[in-house]
Amino acid sequence: MAYSSLSEPVGDRECTLCKSDDLAVFLSLGPMPPANNFLEGGDLYEEEGFYPLDIYVCRDCSHMGVLPRVDPSELFSDYVYMTGVSDTMLAHLDGLAETLYDRYLEDVDDPFVVDIGSNDGSLLAAFQERGARVLGVEPADDIAAAAEDDGVPTMNEFFDGDTADRIVGEHGSPDLVTATNVFAHIPDLDAVTEGMNTLIGGDGAFVFENAYLVDLLEGTKFDTIYHEHYYYHAVRPLVSYFDRFDMTVVDVERLDIHGGSIRVYVEPGAAARSDRVDELVQLEEDRGLDDIGTYQQFADDVNDIRQDLTALLDRLKSDGNRIVGYGAAAKGNTLLNYCRIGPDHLDYIVDNTPFKQGRYTPGMHIPVKPPDHFRAEHDDIDYVLLLAWNVAEEIMSKEEAFFRTGGEFIIPIPEVRTVDTPP
Ligand code: TMP
Ligand code: ZN
């Protein structure tokens, strides 16, 4: 597997947040294709793009991220993830709109909300229902068009300072700017933060949600690392980062969503800070986030998962078992490529997303089939490797009949284990 044309890393090898060049690379998961680049059959013999996937921690501010920072146009223009297809996500976004409306918009005349990376408009629709004026910014063409069709005004572009100026000029300064699972998807973070500052002016607020580094490290969720996620945020490095822009992290909450996330509230100037910010900064210190040993331990745990999983699959195959995968999630592609698990191990991967069915997983080229295909022959399948472990209960409950045939699930994260009864 050769590296194909490497995109220029955006920015040098420096910490995105504090600009230090003292980065410690403690784990290399690549070469790795972009995790959402599912292939058509005709593409299988074309050259595929592979990039290194190196994980660093900044020795100065403990910020964690990946290198290289692959050009976003290669990752997001043909984006396949739609927020609104998951009931869990929709309920979550509705709750977010409710909380933020109460906190920031209730007493405002003609409240105006801008969402960066607004996807299919699900979050903004929840603000519209509560009476706010809204505007989305979303670079993926199809998804932006879908949002417009649903009545959510959307600018189809990548957000930067220029976008911010145009929004303020045409619509005025928003009272609230949101970004869910976006603040990790931006290679040139400073340009976006400056744009954000322009947008909220002197009295707006910026609230974003992202996966939380503490949860990632503690659950050994290394498979959630892929090129789309340039950064893995923790509170302490963010506090100093926003300081640089004369903004304050005023509050922060931990959330269960996406395997453990944080919701970060940022306001302009030197605003008062809730105790919850200091509590999480302390928690991060207690958990050793500023100690390189913590990251080395994580890398060892990741390596153990690879060894245990490949040893188990090799043994099961040599005993004549049939194995398939379940859930062609992006994170599954990190796991499969890093552990080099391909069609020799897994006959196919079951997934209910129509767009993925009939395609092949990037890198390891395992075919994706609909659940009915699996159900029609599950008597002949012995093991299922659960790649979408974040929805383990939902999937195992749906496949109760497979357990009755004597089938077992293999769950790889946080440690490799088998399950022989439904939840
Ligand atoms: P996610 O980690 O992005 O939520 O991905 C979960 C994947 O699992 C997604 O590709 C859809 C698939 N899936 C099923 O095939 N069946 C299911 O019942 C559920 C909940 C998800
Ligand atoms: Zn740093």
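Volume of the convex hull of the range 316-372 (Cα atoms only), normalised per residue: 74 Å³.
For Met155, the residues whose amide H sits under 5 Å from its own are Gly136, Val137, Glu138, ignoring neighbours fewer than 5 places away on the same chain, with H placed 1.01 Å from N. Here the chain is treated as a sphere whose radius is the Kirkwood value from Cα pairs; by Stokes-Einstein at 37 °C and 0.692 mPa s it diffuses with a coefficient of 146 µm²/s. For the range 157-208, the calculated P(r), taken from all Cα-Cα distances in 10 Å bins from zero up to the bin holding the longest distance, is 26, 61, 13 percent.
Rounded to the nearest 500, the helix-only mean residue ellipticity at 222 nm of the chain stands at -10000 deg cm²/dmol, with each DSSP H run of n ≥ 4 adding -39,500 (n - 2.57).
Using the Karplus relation 6.51 cos²θ - 1.76 cosθ + 1.60 with θ = phi - 60°, the per-residue 3J(HN,Hα) values for the range 342-353 come to x, x, 5, 8, 10, 5, 6, 10, 7, 7, 8, 7 Hz, with x marking Gly and Pro.
Could you sort 258-267, 126-135, 286-295 so that the peptide with the highest average Cβ count within 10 Å comes first and the rest follow in order?
Final packing ranking: 258-267, 126-135, 286-295.
Between His171 and Leu39, the simple spin-label model (points 7 angstrom out along Cα→Cβ) gives 4.0 nm. Taking the longest Cα principal axis of the chain as reference, the axis of helix 275-286 is set at about 40 degrees.
Accessible surface area normalised per residue over the chain is 41 Å², counting heavy atoms of protein chains with a 1.4 Å rolling probe. Here the accessible area is traced with a 1.4 Å probe on the protein chains. For the chain, carbon and sulfur cover 43 percent of it. Between Glu394 and Thr421, the simple spin-label model (points 7 angstrom out along Cα→Cβ) gives 2.5 nm. Cα-based radius of gyration for the range 334-423, normalised by 2.2 N^0.38 Å, reads 1.04.
The values are calculated or read from the model by the stated rules, or taken from the named source; none is laboratory data. Small disclaimer: the values here were computed from a predicted structure and weren't measured. Every residue, glycine among them, receives a Cβ derived from its backbone with ideal geometry; neighbour counts consider all protein chains shown. All accessible areas refer to the heavy atoms of the entire protein, side chains included, with ligands and DNA or RNA removed. Shrake-Rupley method; radii C 1.70, N 1.55, O 1.52, S 1.80 Å.
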